[in-house]
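S.K.: Before we start, here is the structure in question, set down as structure tokens.
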Amino acid sequence: MPATFAPSLSPAAALLPAFAPWFDLAGLGVFAASGALAAAKRGQTIVTLSFFALITGVGGGTVRDLLIGARVFWVQDARAAATCLLVALVIWITPQRWWSDRALAWFDAIGLGAYAVYGAAKALTYGVPPVPAAVMGVITACVGGIIRDVLAGEPSILMRPELYVTAAALSAASYVALVELGTVRLVAAVIAAALGFGLRAIAIHYRLALPAYRGLR
Amino acid sequence: MPATFAPSLSPAAALLPAFAPWFDLAGLGVFAASGALAAAKRGQTIVTLSFFALITGVGGGTVRDLLIGARVFWVQDARAAATCLLVALVIWITPQRWWSDRALAWFDAIGLGAYAVYGAAKALTYGVPPVPAAVMGVITACVGGIIRDVLAGEPSILMRPELYVTAAALSAASYVALVELGTVRLVAAVIAAALGFGLRAIAIHYRLALPAYRGLR
Amino acid sequence: MPATFAPSLSPAAALLPAFAPWFDLAGLGVFAASGALAAAKRGQTIVTLSFFALITGVGGGTVRDLLIGARVFWVQDARAAATCLLVALVIWITPQRWWSDRALAWFDAIGLGAYAVYGAAKALTYGVPPVPAAVMGVITACVGGIIRDVLAGEPSILMRPELYVTAAALSAASYVALVELGTVRLVAAVIAAALGFGLRAIAIHYRLALPAYRGLR
């Protein structure tokens, strides 16, 4: 019994804010869908769709849990894996036209904000200091999509012209800042998720970008 | 105190089925060979061949061990690393014509079934519930090859038209199902590995594929 | 006792050689710079530059810490993350001509030797046997650059014609060998880092390579 993690639910996890499960589910479902679609567009089987949905849905949270020393959330609790498989099945049996790139980008924006807040909240619960906790939020929100793109052989989400990591960082950092300032955690979470979603929405709609590095100096 | 590792050899590891070391070695050797060959074909040195052999050979098992909270199997026990280095040396000094793509695909099919069963068996031993345990089998079998392809800049094994993840999933799921039904573990292992190997063999030979997603609906 | 997650600073970490922080900082700063530059060349924002700097700077050490069962060094201690963000800022505000590919290759060579030695030293401190400890040095030195290349969609550093992994392996293996032979650790570290840097320097200057696999036999 090499890793005796706490018997069923760790005290730290029990302290997670009440909003946490909903934010977690939003991120999980949306990223699982984007993973399943990446496989579907490449003509894969339902099994590969499911595997892609799982990796994309749980990838960011897995890296976060390993980094903060938490139990990997989906290994002992089959519900997360079941959600990913269900999402893959839904993608498989529904018409492709339901899932346009544009619709996906909007879903993804919701998941991005929700997951960034959830990741930062979980890291704070595990005693991670504010700055690394905000980084954990960014990792939770971005790593699933990064893995999906790398596996699908696409240019990584990190390299897209629009604000992506930046939106996740806004959500994660503003949640941590608001909590440190004493804001009620649910309020902080809603504000922070909305900020990240809003920035991403503006970026999608106007193809807005922060000043990019030009090296002109 | 999230992870306390047991002193030298964990009771869980001691409970691994008797067949486990052989299945582990089969997967390790075959994947190490495929990693070494990927580097060899790109004109690398013996050192890079060895590094590739190691990453590909132990990659899947490493991710599995991190996820289930086990000690990473090859870090404290030098035999796995030594096996990978030996395999790299054999690839280096033998004629290239011994190692055709076709021969490799067949070796890989053996490793795939063996590693999927071993991964699922180890996860069950560590108290992982059936569904995530089957996923651990798939991860053990597929992640080494995924890492190899990503590092070599090739389209990931996940994206190939033939059944690959699906064959690993068949082995892992049927092992878990047979054990849950009370089958003797050695028997379950041989049947499950044979099923996955068989499906992969059919896929290689007939270029068979499960119905792929077409999005025609 | 590979991983006792001690409350604040583990006894193992406290036993790290006195030179360790400097070698760690050299590797961290140089790899963070190379990551920030990879993002800068692709016209990214300061936030993405920072994220890239962080992943590249701490990536190798993160994988090493997970493998040897240590606490991930930068999660509880904000200084490493702060260094990466600072490096990203410096890259952002300085003229691009300061950062030629050639200058970078030389910085990278310094980081490579330093990080290989640091990784091997930390692994030895955690009771990892000599051969896997040397592998940990190679992983610490190479994985950050590998992740950077994969995320940037470039051919992995592993596949470049010049000696790269080989130089890291020389540093890591010679450090372990010298320590096993009873050399004072600071002396062993300086010699080993110089050997790896020297080999890499020769490789850069003369485009030297070890005999590559040709498969002519």
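Since every read-out is calculated from the coordinates, none of them should be taken as a lab result. Model, not experiment: these values are computed from the prediction. A quick note on method: Cβ atoms are made from the backbone with ideal geometry, for glycine too, and the neighbour counts reach across all protein chains shown.
S.K.: Which residue fluctuates most in the GNM of chain A (Cα springs below 10 Å): A:ALA80, A:ALA188, A:ALA18?
M.R.: Largest GNM mean-square fluctuation: A:ALA18.
S.K.: From the label point of C:TRP98, set 7 Å along Cα to the beta carbon, how far off in nm is each other copy's matching point, shortest first?
M.R.: 5.4, 5.4
S.K.: Give me the one-decimal Kirkwood hydrodynamic radius in Å for segment C:82-183, with the sum taken over alpha-carbon pairs.
M.R.: Every distinct Cα pair counted, the radius reaches 14.8 Å.
S.K.: Send over the per residue convex hull volume for the protein assembly as shown, Cα only, as a whole number of Å³.
M.R.: 147
S.K.: In chain A, with Lys and Arg counted as +1 and Asp and Glu as -1 at Cβ, which of these residues, A:SER174, A:ALA188, A:LEU104, has the Cα nearest the positive end of the dipole, that is, farthest along it?
M.R.: Projecting each Cα onto the dipole axis, the largest value belongs to A:LEU104.
S.K.: Still on this structure: I need the inter-copy label distances for C:LEU186: point set 7 Å along Cα to C-beta, values in nm with one decimal, smallest first.
M.R.: Those label-point separations list as 5.9, 5.9 nm.
S.K.: Compute the distribution of all C-alpha to C-alpha distances in segment C:18-206, in bins of 5 Å from 0, and list the percent of pairs in each, rounded to whole numbers.
M.R.: 1, 9, 18, 22, 20, 15, 9, 4, 1, 0
S.K.: Return the Rg/Rh ratio of segment C:96-150 with Cα-based radii and a Kirkwood Rh.
M.R.: 1.12
S.K.: Let me ask another. Along Cα-to-Cβ, 7 Å out, sits the label point; list in nm, shortest first, how far the one on B:VAL131 is from those in the other copies.
M.R.: From this label point to the equivalent ones elsewhere in the assembly: 4.1, 4.1 nm.
S.K.: I would also like to ask the following. Using the count of nearby Cβ atoms within 10 Å as a rough guide to exposure, how do A:SER100, B:SER174 rank from fewest to most?
M.R.: A:SER100, B:SER174
S.K.: At what distance in angstrom do the alpha carbon centres of segment B:36-63 and segment A:51-120 lie from each other?
M.R.: 30
S.K.: Counting alpha carbon pairs within less than 8 Å and at least 6 residues apart, what relative contact order, in whole percent, applies to chain A?
M.R.: 23
S.K.: Which one, B:ALA80, B:THR125, B:GLY198, is farthest towards the positive end of the dipole of chain B when Lys and Arg carry +1 and Asp and Glu -1 on their Cβ?
M.R.: Projecting each Cα onto the dipole axis, the largest value belongs to B:GLY198.
S.K.: What is the magnitude of the charge dipole of the protein assembly as shown about its Cα centre, with +1 placed on the Cβ of each Lys and Arg, -1 on the Cβ of each Asp and Glu, and no other charges, expressed in debye to the nearest 20?
M.R.: Here the protein assembly as shown has a charge dipole of around 1080 debye.
S.K.: To continue, here is another question. What is the dipole size for chain B, taken about its Cα centre, with +1 at each Lys and Arg Cβ and -1 at each Asp and Glu Cβ, in debye to the nearest 20?
M.R.: Magnitude of the dipole: close to 380 debye.
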